[in-house]
Amino acid sequence: MRKVAVALSKGGVGKSTTAVNLAGALAQQQRRVLLIDMDTQGQTARMLNVTPTHSIADVINGDATLASARVEARPGLHLLAGGRGLAGLKRAIDRKEFGGERTLSEALTELDGAYDYIIVDTAPGWDVLTVNALFFADEVLTPVALEVLALQGLQEFTRSLGAIRRYHSQLELRYVLPTFHDRRVRKSEEILQQLQRHYPTQICSPIRYNVRLSEAPGYGQTIFEYAAHSTGAEDYRLLAERILDDEHTQTHA
Ligand SMILES: Nc1ncnc2c1ncn2[C@@H]1O[C@H](COP(=O)(O)OP(=O)(O)OP(=O)(O)O)[C@@H](O)[C@H]1O
Ligand SMILES: [Mg+2]
(Lines give C-alpha, C1' and ligand atoms only; values in the text may rest on other atoms or scores of the structure.)
(Ligands and ions follow the chains in the order given, each with its own letter.)
Protein backbone atom coordinates (compact mmCIF):
# COMPACT_ATOMS: atom_id res chain seq x y z
CA MET A 1 0.00 0.00 0.00
CA ARG A 2 1.45 3.33 -1.06
CA LYS A 3 0.59 6.44 0.89
CA VAL A 4 1.13 9.63 -1.06
CA ALA A 5 0.59 13.16 0.27
CA VAL A 6 0.09 15.87 -2.32
CA ALA A 7 1.51 18.93 -0.63
CA LEU A 8 3.12 22.33 -0.96
CA SER A 9 2.65 25.31 1.34
CA LYS A 10 1.93 27.64 -1.55
CA GLY A 11 -1.72 27.91 -2.57
CA GLY A 12 -3.25 27.39 -5.99
CA VAL A 13 -0.42 25.30 -7.48
CA GLY A 14 -2.65 22.39 -8.54
CA LYS A 15 -2.66 20.17 -5.45
CA SER A 16 -6.36 19.30 -5.53
CA THR A 17 -6.38 19.04 -9.33
CA THR A 18 -3.49 16.60 -9.09
CA ALA A 19 -4.91 14.60 -6.18
CA VAL A 20 -8.29 14.11 -7.88
CA ASN A 21 -7.02 13.33 -11.36
CA LEU A 22 -4.21 11.10 -10.21
CA ALA A 23 -6.64 9.17 -8.01
CA GLY A 24 -9.00 8.90 -10.99
CA ALA A 25 -6.24 7.68 -13.30
CA LEU A 26 -4.99 5.06 -10.84
CA ALA A 27 -8.52 3.75 -10.28
CA GLN A 28 -8.95 3.44 -14.05
CA GLN A 29 -5.84 1.27 -13.99
CA GLN A 30 -7.62 -1.16 -11.65
CA ARG A 31 -5.87 0.04 -8.52
CA ARG A 32 -7.88 0.31 -5.30
CA VAL A 33 -7.61 3.96 -4.39
CA LEU A 34 -8.66 6.02 -1.37
CA LEU A 35 -8.54 9.80 -1.66
CA ILE A 36 -8.49 11.71 1.62
CA ASP A 37 -9.18 15.43 1.69
CA MET A 38 -7.43 17.21 4.57
CA ASP A 39 -8.50 20.70 3.55
CA THR A 40 -11.28 22.70 5.22
CA GLN A 41 -12.17 23.94 1.71
CA GLY A 42 -13.36 20.39 1.06
CA GLN A 43 -13.21 20.78 -2.70
CA THR A 44 -12.53 17.21 -3.75
CA ALA A 45 -16.10 16.04 -3.08
CA ARG A 46 -17.45 18.73 -5.39
CA MET A 47 -14.77 17.98 -7.96
CA LEU A 48 -15.99 14.37 -8.02
CA ASN A 49 -19.67 15.31 -7.73
CA VAL A 50 -20.38 13.39 -4.54
CA THR A 51 -21.99 14.60 -1.32
CA PRO A 52 -20.75 12.47 1.56
CA THR A 53 -22.64 12.76 4.84
CA HIS A 54 -19.52 12.39 6.91
CA SER A 55 -15.96 13.61 6.64
CA ILE A 56 -12.56 12.40 7.74
CA ALA A 57 -12.99 14.72 10.74
CA ASP A 58 -16.07 12.73 11.86
CA VAL A 59 -14.06 9.52 11.60
CA ILE A 60 -11.27 10.89 13.74
CA ASN A 61 -13.72 12.34 16.28
CA GLY A 62 -15.48 9.00 16.51
CA ASP A 63 -18.75 10.38 15.11
CA ALA A 64 -18.64 8.06 12.11
CA THR A 65 -16.99 4.80 11.20
CA LEU A 66 -14.57 4.63 8.34
CA ALA A 67 -16.97 2.39 6.45
CA SER A 68 -19.86 4.83 6.78
CA ALA A 69 -17.83 7.95 5.99
CA ARG A 70 -16.14 6.85 2.81
CA VAL A 71 -18.05 7.05 -0.42
CA GLU A 72 -17.37 5.25 -3.65
CA ALA A 73 -16.96 8.23 -5.96
CA ARG A 74 -16.04 6.07 -8.95
CA PRO A 75 -15.46 2.35 -9.40
CA GLY A 76 -12.38 1.61 -7.35
CA LEU A 77 -12.08 5.17 -6.05
CA HIS A 78 -13.20 5.91 -2.52
CA LEU A 79 -13.27 9.37 -0.97
CA LEU A 80 -12.99 10.48 2.63
CA ALA A 81 -14.14 14.07 2.36
CA GLY A 82 -12.70 17.17 4.01
CA GLY A 83 -14.57 20.38 4.75
CA ARG A 84 -15.55 22.61 7.65
CA GLY A 85 -15.43 19.82 10.22
CA LEU A 86 -11.67 19.81 9.88
CA ALA A 87 -11.49 23.23 11.54
CA GLY A 88 -12.82 21.74 14.78
CA LEU A 89 -10.47 18.80 14.44
CA LYS A 90 -7.56 21.19 14.09
CA ARG A 91 -8.46 22.78 17.42
CA ALA A 92 -8.88 19.37 19.04
CA ILE A 93 -5.43 18.30 17.86
CA ASP A 94 -3.93 21.56 19.10
CA ARG A 95 -5.32 20.83 22.56
CA LYS A 96 -3.66 17.43 22.75
CA GLU A 97 -0.65 17.44 25.04
CA PHE A 98 1.34 15.01 22.93
CA GLY A 99 1.06 12.76 19.90
CA GLY A 100 -1.20 15.14 17.99
CA GLU A 101 0.79 14.70 14.79
CA ARG A 102 -0.13 11.01 14.62
CA THR A 103 -3.88 11.52 15.03
CA LEU A 104 -4.66 10.73 11.38
CA SER A 105 -2.33 7.72 11.26
CA GLU A 106 -3.93 6.26 14.38
CA ALA A 107 -7.44 6.72 13.01
CA LEU A 108 -6.50 4.92 9.79
CA THR A 109 -4.55 1.91 11.05
CA GLU A 110 -7.46 -0.40 10.23
CA LEU A 111 -7.01 0.48 6.54
CA ASP A 112 -3.72 -1.40 6.33
CA GLY A 113 -3.72 -3.30 3.07
CA ALA A 114 -7.26 -2.29 2.06
CA TYR A 115 -6.03 -0.09 -0.79
CA ASP A 116 -3.21 -0.01 -3.29
CA TYR A 117 -2.98 3.77 -3.01
CA ILE A 118 -4.02 6.32 -0.44
CA ILE A 119 -3.71 9.82 -1.85
CA VAL A 120 -3.99 12.70 0.61
CA ASP A 121 -4.82 16.19 -0.59
CA THR A 122 -3.62 18.92 1.76
CA ALA A 123 -4.43 22.57 2.36
CA PRO A 124 -2.11 25.44 1.49
CA GLY A 125 -0.02 26.76 4.36
CA TRP A 126 1.47 24.59 7.07
CA ASP A 127 -0.93 23.51 9.77
CA VAL A 128 -1.44 20.51 12.05
CA LEU A 129 -3.59 18.81 9.41
CA THR A 130 -0.80 18.96 6.84
CA VAL A 131 1.66 17.74 9.45
CA ASN A 132 -0.70 14.85 10.18
CA ALA A 133 -0.91 14.04 6.46
CA LEU A 134 2.88 13.99 6.26
CA PHE A 135 3.24 11.75 9.32
CA PHE A 136 0.77 9.36 7.69
CA ALA A 137 2.33 9.35 4.22
CA ASP A 138 5.49 7.67 3.01
CA GLU A 139 5.79 9.62 -0.21
CA VAL A 140 5.29 13.28 -1.00
CA LEU A 141 4.22 14.55 -4.41
CA THR A 142 4.75 18.28 -4.71
CA PRO A 143 3.08 20.23 -7.51
CA VAL A 144 5.06 23.36 -8.31
CA ALA A 145 3.57 26.09 -10.46
CA LEU A 146 6.16 27.29 -12.96
CA GLU A 147 6.32 30.89 -11.86
CA VAL A 148 8.76 33.27 -10.25
CA LEU A 149 10.05 32.10 -6.84
CA ALA A 150 8.83 28.54 -7.45
CA LEU A 151 12.20 27.08 -6.54
CA GLN A 152 12.48 29.12 -3.35
CA GLY A 153 9.04 28.00 -2.22
CA LEU A 154 9.94 24.40 -2.88
CA GLN A 155 13.24 24.65 -1.03
CA GLU A 156 11.52 26.15 1.97
CA PHE A 157 8.98 23.34 1.90
CA THR A 158 11.79 20.76 1.64
CA ARG A 159 13.31 22.17 4.82
CA SER A 160 10.00 21.73 6.64
CA LEU A 161 9.85 18.16 5.35
CA GLY A 162 13.34 17.62 6.75
CA ALA A 163 12.07 18.55 10.21
CA ILE A 164 9.34 15.90 9.94
CA ARG A 165 11.76 13.28 8.66
CA ARG A 166 13.60 13.45 11.97
CA TYR A 167 10.57 11.76 13.53
CA HIS A 168 9.25 9.93 10.49
CA SER A 169 12.31 8.86 8.52
CA GLN A 170 10.34 6.88 5.91
CA LEU A 171 8.93 10.08 4.46
CA GLU A 172 10.42 10.87 1.09
CA LEU A 173 9.95 13.73 -1.35
CA ARG A 174 9.44 11.38 -4.27
CA TYR A 175 7.84 13.51 -6.99
CA VAL A 176 8.21 17.13 -8.00
CA LEU A 177 5.49 17.91 -10.51
CA PRO A 178 5.79 21.13 -12.52
CA THR A 179 2.33 22.57 -13.22
CA PHE A 180 0.91 25.38 -15.37
CA HIS A 181 3.63 24.74 -17.92
CA ASP A 182 3.51 27.03 -20.94
CA ARG A 183 6.21 26.51 -23.54
CA ARG A 184 5.60 29.94 -25.04
CA VAL A 185 6.63 31.63 -21.82
CA ARG A 186 10.40 31.82 -21.47
CA LYS A 187 10.25 32.18 -17.70
CA SER A 188 8.23 28.97 -17.49
CA GLU A 189 10.99 27.09 -19.39
CA GLU A 190 13.75 28.61 -17.26
CA ILE A 191 12.07 27.62 -14.03
CA LEU A 192 11.44 24.12 -15.35
CA GLN A 193 15.16 23.78 -16.08
CA GLN A 194 16.03 25.01 -12.58
CA LEU A 195 13.75 22.39 -11.07
CA GLN A 196 15.31 19.69 -13.28
CA ARG A 197 18.77 20.67 -12.05
CA HIS A 198 17.83 20.76 -8.38
CA TYR A 199 15.54 17.72 -8.31
CA PRO A 200 16.86 15.43 -11.09
CA THR A 201 15.42 12.21 -9.68
CA GLN A 202 12.10 13.59 -8.43
CA ILE A 203 11.17 15.71 -11.43
CA CYS A 204 8.14 14.51 -13.42
CA SER A 205 7.15 15.59 -16.88
CA PRO A 206 5.15 18.78 -16.50
CA ILE A 207 1.42 19.35 -16.52
CA ARG A 208 0.72 21.93 -19.17
CA TYR A 209 -1.56 24.87 -18.68
CA ASN A 210 -4.90 23.58 -19.94
CA VAL A 211 -8.19 25.38 -19.52
CA ARG A 212 -10.04 22.03 -19.57
CA LEU A 213 -8.42 21.20 -16.23
CA SER A 214 -10.01 24.27 -14.67
CA GLU A 215 -13.41 23.57 -16.24
CA ALA A 216 -13.77 19.90 -15.27
CA PRO A 217 -14.47 20.52 -11.53
CA GLY A 218 -17.46 22.69 -12.47
CA TYR A 219 -19.02 19.59 -14.00
CA GLY A 220 -17.98 17.34 -11.13
CA GLN A 221 -15.82 15.34 -13.49
CA THR A 222 -12.23 14.20 -13.66
CA ILE A 223 -10.27 15.37 -16.67
CA PHE A 224 -10.61 11.88 -18.17
CA GLU A 225 -14.38 12.11 -18.05
CA TYR A 226 -14.66 15.75 -19.07
CA ALA A 227 -12.05 15.93 -21.83
CA ALA A 228 -10.34 12.60 -22.38
CA HIS A 229 -8.33 13.88 -25.33
CA SER A 230 -7.15 17.15 -23.81
CA THR A 231 -3.50 17.86 -23.02
CA GLY A 232 -4.52 17.88 -19.36
CA ALA A 233 -5.75 14.29 -19.60
CA GLU A 234 -2.61 13.31 -21.52
CA ASP A 235 -0.32 14.86 -18.89
CA TYR A 236 -2.10 13.34 -15.90
CA ARG A 237 -2.13 9.94 -17.63
CA LEU A 238 1.63 10.23 -17.99
CA LEU A 239 2.00 11.11 -14.31
CA ALA A 240 -0.02 8.05 -13.34
CA GLU A 241 2.22 5.89 -15.55
CA ARG A 242 5.32 7.22 -13.86
CA ILE A 243 3.89 6.46 -10.44
CA LEU A 244 2.72 3.00 -11.51
CA ASP A 245 6.20 2.26 -12.91
CA ASP A 246 7.64 2.94 -9.48
CA GLU A 247 5.51 0.20 -7.91
CA HIS A 248 8.42 -2.10 -8.68
CA THR A 249 11.06 0.16 -7.18
CA GLN A 250 9.31 0.97 -3.96
CA THR A 251 11.58 1.85 -1.10
CA HIS A 252 8.96 0.92 1.49
CA ALA A 253 6.38 -1.84 1.51
N1 LIG B 1 -2.63 22.76 -15.44
C2 LIG B 1 -3.64 23.62 -15.22
N3 LIG B 1 -4.07 24.42 -16.21
C4 LIG B 1 -5.07 25.32 -16.00
N5 LIG B 1 -5.71 25.47 -14.82
C6 LIG B 1 -5.33 24.69 -13.80
C7 LIG B 1 -4.28 23.72 -13.93
N8 LIG B 1 -4.11 23.09 -12.73
C9 LIG B 1 -5.00 23.65 -11.90
N10 LIG B 1 -5.75 24.60 -12.51
C11 LIG B 1 -6.77 25.46 -11.91
O12 LIG B 1 -6.08 26.35 -11.03
C13 LIG B 1 -6.81 26.55 -9.83
C14 LIG B 1 -5.97 26.09 -8.64
O15 LIG B 1 -5.79 24.67 -8.73
P16 LIG B 1 -6.01 23.74 -7.46
O17 LIG B 1 -7.27 24.06 -6.75
O18 LIG B 1 -5.80 22.34 -7.91
O19 LIG B 1 -4.77 24.21 -6.60
P20 LIG B 1 -4.47 23.89 -5.06
O21 LIG B 1 -2.99 23.85 -4.91
O22 LIG B 1 -5.24 22.70 -4.61
O23 LIG B 1 -5.05 25.19 -4.35
P24 LIG B 1 -5.19 25.39 -2.76
O25 LIG B 1 -3.79 25.66 -2.30
O26 LIG B 1 -6.12 26.55 -2.61
O27 LIG B 1 -5.74 24.11 -2.20
C28 LIG B 1 -8.10 25.78 -9.99
O29 LIG B 1 -9.08 26.66 -10.47
C30 LIG B 1 -7.76 24.73 -11.03
O31 LIG B 1 -8.89 24.31 -11.75
MG1 LIG C 1 -6.50 22.42 -2.96
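The values are calculated or read from the model by the stated rules, or taken from the named source; none is laboratory data. Please read all numbers here as calculations on a predicted model, not as lab measurements. Cβ atoms come from the backbone with ideal geometry, glycine included; neighbour counts cover every protein chain shown. Remember, those area values only see protein heavy atoms, side chains included, never the ligands or the DNA or RNA. Shrake-Rupley method; radii C 1.70, N 1.55, O 1.52, S 1.80 Å.
Things worth noting here:
- Residues of the range 161-188 satisfying the condition of being in contact with a helix residue (DSSP H, G or I) (Cβ under 7 Å, 6 or more places away or on another chain) and within 16 Å of ligand 2 (Cβ to nearest atom): L177
- Helices (runs of 4 or more DSSP H) completely within the range 13-95 that count 1 or more residues being open to solvent by less than 10 Å² (accessible area, probe 1.4 Å) and hydroxyl-bearing (S, T, Y): 15-28, 43-47
- Exactly one residue among R91, R84 is within 16 Å of ligand 2 (Cβ to nearest atom) and modelled with pLDDT under 95, and that residue is R84.
- Matching entry among D121, D138, D116 (being of a type in the set (D, E, K, R), within 16 Å of ligand 2 (Cβ to nearest atom) and within 19 Å of the chain's Cα centre (by Cα)): D121
- Checking each residue in the range 100-131 for being acidic (D, E) and over 20 Å from T44 (Cβ atoms) picks out E101, E106, E110, D112.
- Here A133, A145 are screened, and the one residue that is within 16 Å of ligand 1 (Cβ to nearest atom), of a type in the set (A, V, I, L, M) and in contact with a Phe, Trp or Tyr (Cβ under 7 Å, 6 or more places away or on another chain) is A145.
- The residues of the range 172-197 that are closer than 21 Å to S160 by Cα and in contact (Cβ under 8 Å) with a residue 40 or more places away in the chain, listed by number, are E172, R174, Y175, L177, Q194, L195.
- For the range 151-163, the set of residues classified as within 26 Å of D246 (Cα to Cα) and free of Cβ contacts under 8 Å to residues at least 60 places away in the same chain consists of L151, Q155, T158, R159, L161, G162, A163, listed by residue number.
- Qualifying positions in the range 237-250 - within 19 Å of the chain's Cα centre (by Cα) and within 27 Å of D112 (Cα to Cα): R237, L239, A240, E241, R242, I243, L244, D245, D246, E247, Q250
- Identity of the residue in the range 4-50, closer than 22 Å to R237 by Cβ and among the basic types (K, R), that ends up farthest from ligand 1 (Cβ to nearest atom): R32
- Selection status of S205, modelled with pLDDT of 95 or more, open to solvent by 10 Å² or more (accessible area, probe 1.4 Å) and within 12 Å of ligand 1 (Cβ to nearest atom): no
- Residue in the range 220-232 that is assigned to a helix (DSSP H, G or I), of a type in the set (D, E, K, R) and at pLDDT 95 or above present: yes
- Entry remark, the range 1-12: residues being in contact with a Pro (Cβ under 9 Å, 6 or more places away or on another chain) and either outside any loop (DSSP other than H, G, I, E, B) or more than 21 Å from V176 (Cα to Cα) (or both) number 1 in total.
- Checking P200 against (1) in a loop (DSSP other than H, G, I, E, B); (2) within 10 Å of ligand 1 (Cβ to nearest atom); (3) without any contact (Cβ under 8 Å) to a residue 60 or more places away in the chain, the condition it does not meet: (2)
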